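Data first, discussion second: the structure below is written as structure tokens.
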Amino acid sequence: MFFPDFFDKKHVFNQVKIRRMHQKLILEAFRKAMKEINRTEHFPAAQELVNHIEASTDKTYTARSLAGKYIKAKRAMSVRLKSFLVPPLCSYLGYANFEAFKKDHPTETNTASKLLLLWRKCWFKFTLYHIFLMVIAIGAYNYILRERWMVWEENHYVEVDFDSEELRNGRLKLFRQDRIDDFRRIETDCSTEFFNPDGSPKVFYGKNNKGEYEWFTDLAQHPETGKPLKSITPYMIKTHICPTNDD
């Protein structure tokens, strides 16, 4: 029987192995990071690893995203890391490259092989079933959550009717309930609570069109510039919010 390339057993099996190795890599990296910083919370460990990643590459990655990968891996869920994350995580664990890490962490193949054989027998029914579910889900989504819009006003988003002019000038955005409920521009001072008890940030920052720093309650894009906001750090607090007199 003919199968398209993406149903090829060898290709699918390789993808399964890569995800399992990425799962092991993230778990090992966090285990070492927690030991290095003498903390058990996953967010500070994620920040430790992000610092190493950014020092080893010319790319940035958020501690929140990396912590999310760790939580999935810890729950035995499938994990696929971006390619640029793999070499610095391997080097953090003392491996020259990913091949060296894989050699030191062999994977079990029996269960995966059985699942792949089952997939080859049932893929057509499985695909039709999920296409049917997707059609129903998309129809329900379009019915319940018909196109809604929002714009930024002063320090928060508000829901508005569609306006082609506002869409052209970039102010009109697709409605998101979490942005309406949780995203605000705030004023900060030395008494502001910048971090949650687990060490994760409560405040995020970015520059407006005038080049001025502004502070927000969630990790999103700046409502004026569209650039990603960044998590607050002790350096930013000390330098731009609550400077100390070291004289």
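By definition, a body whose alpha carbon gyration tensor gives a ≥ b ≥ c is prolate when a/c is 1.5 or more and a/b is larger than b/c, and the range 149-241 fits this prolate description.
Think of each Lys and Arg Cβ as +1 and each Asp and Glu Cβ as -1; about the Cα centre, that makes the dipole of the range 5-104 roughly 500 debye. Centre-to-centre separation between the Cα atoms of the range 65-89 and those of the range 157-229: 27 Å. Placing pseudo-labels 7 Å out from each Cα toward the beta carbon at I71 and K17 gives an inter-label distance of 3.2 nm. Enumerate the lysines that K102 could reach by cross-link, defined here as Cα to Cα under 26 Å, with residues fewer than 8 away along the same chain left out. Candidates past the 8-residue exclusion: K9, K10, K17, K24, K32, K35, K59, K69, K72, K74, K82, K114.
No value in this document is a laboratory result; all are computed from the given coordinates. Predicted model, so just to flag it, every value in this text is computed and none were measured. Counting neighbours? That spans all protein chains shown, and the Cβs are built from the backbone with ideal geometry, glycine included.
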